[in-house]
Amino acid sequence: DQQVKQNSPSLSVQEGRISILNCDYTNSMFDYFLWYKKYPAEGPTFLISISSIKDKNEDGRFTVFLNKSAKHLSLHIVPSQPGDSAVYFCAASGSTNAGKSTFGDGTTLTVKP
Amino acid sequence: DTGVSQNPRHKITKRGQNVTFRCDPISEHNRLYWYRQTLGQGPEFLTYFQNEAQLEKSRLLSDRFSAERPKGSFSTLEIQRTEQGDSAMYLCASSLDLAGGPSDTQYFGPGTRLTVL
């Protein structure tokens with residue numbers, strides 16, 4: 001039973017356009033959500049997070065939206081740049097489980113020049 | 001702050017051998033996590049430490065796996081009698097748990113890629 005799902009294995013967008021990566025979760029105990037970016041041969045790098053008390057968090061070109069009723073979150077990157085090409089992981093954790101994160105299987109984003 | 005480091009970066013071993021990996025977390029971080037990642041999947045939680053205490057172990061962590069964090073600093077993950085199914089990337093992460101604060105953000109090392117022949 002996968003508690004965090006990223007249903008799109010890959011996404012391709014043109015440079016300068018918006019990239020939207022989606023993530024769904026099933027465990028209502030999750031109250032903290034994170035996005036990580038991973039380049040080949042490196043560990044995941046923290047990108048942005050959101051607490052369940054918010055529905056939006058913005059950091060430069062990156063915005064995460066949380067829809068708790070739908071148990072859905074999304075990451076918007078605008079404008080997309082070729083350097084954003086990487087695997088993006090959605091992760092979720094709950095305050096009752098000591099920050100242990102449950103990850104989705106990732107979405108590979110390709111930004112074409 | 002040099003980030004989380006892991007050694008070795010790559011390990012090739014024969015089935016049945018024992019292997020040990022090391023993780024050095026960010027110095028002020030009190031939590032340390034081990035994850036395993038296989039191709040096409042996200043990291044899967046194995047175990048975590050709060051300082052030197054190992055507080056949780058996943059059912060993925062069979063009896064052949066053992067982790068330690070002496071003195072609450074670096075950590076080691078040992079796999080005994082390796083099997084081909086153990087081939088994966090082993091990731092270490094650390095975080096700073098602030099009592100009463102929001103859930104902590106984990107910072108990952110580059111991983112150790114294990115290949116069992």
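For the reader, a short list of remarks on this structure follows.
- So A:F103, is it in contact (Cβ under 8 Å) with a residue 12 or more places away in the chain, facing another protein chain (nearest Cβ under 10 Å) and not basic (K, R): yes
- All positions within the stretch B:5-31 that are at pLDDT below 95 and within 14 Å of chain A (Cβ to nearest Cβ): B:I26, B:H29, B:N30, B:R31
- Residue within the stretch B:70-79 that is of a type outside the set (A, V, I, L, M, F, W, C), surrounded by fewer than 16 Cβ atoms within 10 Å (Cβ to Cβ), within 17 Å of B:P8 (Cα to Cα) and touching a residue at least 24 places away in the same chain (Cβ under 8 Å) present: yes
- Filtered residues of the stretch B:55-69 (kept if within 12 Å of another protein chain (Cβ to nearest Cβ) and either part of a strand (DSSP E or B) or among the aliphatic types (A, V, I, L, M) (or both)): B:L55, B:E56, B:K57
- Residues in the stretch A:1-42 that are more than 14 Å from A:S93 (Cα to Cα) and polar (S, T, N, Q): A:Q6, A:N7, A:S8, A:S10, A:S12, A:Q14, A:S19, A:N22.
- Look at (1) within 14 Å of chain B (Cβ to nearest Cβ); (2) crowded, with 17+ Cβ neighbours inside 10 Å; (3) touching a residue at least 40 places away in the same chain (Cβ under 8 Å) and you find that A:S10 fails only one, number (2).
- Of all residues in the stretch A:22-56 being more than 13 Å from chain B (Cβ to nearest Cβ) and either without any contact (Cβ under 8 Å) to a residue 24 or more places away in the chain or assigned to a strand (DSSP E or B) (or both), the one that is nearest to the chain's Cα centre (by Cα): A:N22
A quick yes/no check of all residues on (1) touching a Gly at 6+ places or on another chain (Cβ under 8 Å); (2) buried (at least 19 other Cβ atoms within 10 Å of the Cβ); (3) without any contact (Cβ under 8 Å) to a residue 40 or more places away in the chain:
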site	(1), (2), (3)
B:Q6	yes, yes, no
B:R22	no, no, no
B:Q37	yes, yes, no
B:A53	no, no, yes
B:D63	no, no, yes
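- Screening the candidates B:D97, B:D104 for the property of being within 10 Å of another protein chain (Cβ to nearest Cβ), surrounded by 16 or more Cβ atoms within 10 Å (Cβ to Cβ) and either in a loop (DSSP other than H, G, I, E, B) or free of Cβ contacts under 8 Å to residues at least 12 places away in the same chain (or both) yields one hit, B:D104.
- Within the stretch A:57-82, the residues that satisfy the criterion of being surrounded by fewer than 13 Cβ atoms within 10 Å (Cβ to Cβ) and in a strand (DSSP E or B) are A:E58, A:D59, A:N67.
- Residues of the stretch B:1-29 satisfying the condition of being polar (S, T, N, Q), within 18 Å of B:V116 (Cβ to Cβ) and part of a loop (DSSP other than H, G, I, E, B): B:Q17, B:N18
- Only one of the listed residues (B:E83, B:E78) is away from every other protein chain (no Cβ under 13 Å), over 24 Å from A:Q3 (Cβ atoms) and within 12 Å of the chain's Cα centre (by Cα). That residue is B:E78.
- Sole residue being touching a Phe, Trp or Tyr at 6+ places or on another chain (Cβ under 9 Å) and facing another protein chain (nearest Cβ under 8 Å), chosen from B:G72, B:G111: B:G111
The values are calculated or read from the model by the stated rules, or taken from the named source; none is laboratory data. Just so you know, these numbers come straight off a predicted model, no measurement behind them. Here the Cβ is made from the backbone with ideal geometry for all residues, glycine too, and neighbour counts use every protein chain on show.
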